[in-house]
1. Within the group Val50, Val30, Val70, Val36, which residue is hydrophobic (A, V, I, L, M, F, W, C) and open to solvent by 60 Å² or more (accessible area, probe 1.4 Å)?
2. Which one of these does Phe84 not meet: (1) in contact (Cβ under 8 Å) with a residue 60 or more places away in the chain; (2) open to solvent by less than 40 Å² (accessible area, probe 1.4 Å); (3) more than 23 Å from Lys153 (Cα to Cα)?
3. Of all the residues that make up the range 5-41, how many are of a type in the set (Ser, Thr, Tyr) and closer than 22 Å to Leu124 by Cβ?
4. Looking at the range 103-154, which of its residues are closer than 22 Å to Arg69 by Cβ, assigned to a loop (DSSP other than H, G, I, E, B) and open to solvent by 60 Å² or more (accessible area, probe 1.4 Å)?
5. Search the range 44-72 for residues that are free of Cβ contacts under 8 Å to residues at least 24 places away in the same chain and pair each with any residue that is in a helix (DSSP H, G or I) and surrounded by 14 or more Cβ atoms within 10 Å (Cβ to Cβ) when their beta-carbon atoms are under 8 Å apart and the residues are at least 6 apart or on different chains.
6. In the range 6-25, how many residues are more than 25 Å from Glu131 (Cβ to Cβ) and either open to solvent by 20 Å² or more (accessible area, probe 1.4 Å) or of a type in the set (Val, Ile, Thr) (or both)?
7. Under the condition of being of a type outside the set (Gly, Ala, Ser) and not in a strand (DSSP E or B), which residue from the range 1-17 is modelled with the lowest pLDDT?
Amino acid sequence: METTYTGFYARFDTPSKKDAAVLLGADNLVGDLFDVEFVTEEGTAVAWMVNRFGNRVAFFDADTTRRLRVLHARDWKIKALLSFVAFTDSPEPGEYWGEAAVLCFSPEHEQAFNTFADNIAKRLMEGIRPEVDLGEQGVKQILESNGTWSPAKTVPLPTKKPGTVIMKGRRKMSEKLIEQGRKGNKGCYVVSWVFILAVVALALFGLKSCGVF
């Protein structure tokens with residue numbers, strides 16, 4: 001049994017294509033930190049990812065939920081970092097899903113592991129998936145560095161089924177600008193919207209040129 005930390009990548013799903021729309025928006029970015037909330041549905045506990053705005057956006061399967069409940073019962077901290085969002089078109093009508101890096105740790109070393117989580121988040125933002133399933137030596141390095149150590153080993157994306165498209169796998173420039181705006185950099189926020197409007201205008205111009213309107 002883990003005594004200080006455990007980490008792994010876990011698949012999440014969304015209730016429907018309509019519910020997945022929020023997951024594709026700017027409120028849920030690759031590298032964002034999510035809380036995990038246990039909700040009892042029809043007598044069964046389900047672990048949900050809750051974003052920084054307090055919204056439940058996706059849920060883990062039964063096996064992952066059981067694993068997380070055991071750690072939650074030990075009063076461990078549980079955080080999920082968005083790694084990617086994908087869409088698979090079969091079976092119809094298709095489904096949105098993805099993976100999160102799940103980091104679970106003893107509150108005794110919360111400061112070190114919070115710093116470690118921030119470093120993992122930054123790498124996920126760039127489309128890099130660092131290994132988070134660490135052995136005893138890796139945990140020791142986290143504690144000795146007070147969380148500044150980061151694993152060199154990376155984890156590939158899961159094998160994609162036919163008809164699967166990665167919708168989000170890193171932070172786009174526009175998303176980075178929006179995030180800077182949220183942190184108080186109004187100039188970046190304005191630039192981000194100018195960029196988005198320019199892309200929309202270009203798309204409309206292309207459609208008009210093709211005779212769509």
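The values are calculated or read from the model by the stated rules, or taken from the named source; none is laboratory data. All figures in this text were calculated on a predicted structure; none of them were measured in a lab. As a convention, Cβ positions derive from the backbone with ideal geometry for all residues, glycine included, and neighbour counts pool all protein chains shown. The protein model used for the area step is the full one, side chains on, heavy atoms only, and it has no ligands, DNA or RNA in it. Shrake-Rupley method; radii C 1.70, N 1.55, O 1.52, S 1.80 Å.
1. Details: Val50 fails: open to solvent by 60 Å² or more (accessible area, probe 1.4 Å); Val30 fails: open to solvent by 60 Å² or more (accessible area, probe 1.4 Å); Val36 fails: open to solvent by 60 Å² or more (accessible area, probe 1.4 Å).
Criteria check complete, one pass: Val70.
2. All conditions are met except number (3).
3. Residues of the range 5-41 that are of a type in the set (Ser, Thr, Tyr), as a first pass: 5-6, 9, 14, 16, 40.
Of the ones still in play, those that are also closer than 22 Å to Leu124 by Cβ are 5-6, 9, 14.
Result for the range 5-41: 4.
4. Across the range 103-154, the qualifying residue is only Asp133.
5. Pairs found: Val46/Thr65; Ala47/Thr64; Ala47/Thr65; Ala47/Leu68; Ala47/Arg69.
6. Taking the range 6-25 and keeping what is more than 25 Å from Glu131 (Cβ to Cβ), we get 14-22, 24-25.
Now narrow it down to the ones that are either open to solvent by 20 Å² or more (accessible area, probe 1.4 Å) or of a type in the set (Val, Ile, Thr) (or both): 14-19, 21-22, 24-25.
Adding up the residues that qualify gives 10.
7. Going through the range 1-17, the residues of a type outside the set (Gly, Ala, Ser) turn out to be 1-6, 8-9, 11-15, 17.
Subsequent filtering for residues that are not in a strand (DSSP E or B) retains 1-4, 14-15, 17.
Numbers: Met1: 49, Glu2: 71, Thr3: 86, Thr4: 94, Thr14: 94, Pro15: 89, Lys17: 86.
For the range 1-17, the residue satisfying everything is Met1.
Residue by residue, here is whether (1) over 17 Å from Asp133 (Cα atoms); (2) open to solvent by 40 Å² or more (accessible area, probe 1.4 Å); (3) over 11 Å from the mean Cα position of the chain (by Cα) holds:
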{"position": "Thr40", "(1), (2), (3)": "yes, yes, yes"}
{"position": "Thr88", "(1), (2), (3)": "yes, no, yes"}
{"position": "Gly94", "(1), (2), (3)": "yes, no, yes"}
{"position": "Ala101", "(1), (2), (3)": "no, no, no"}
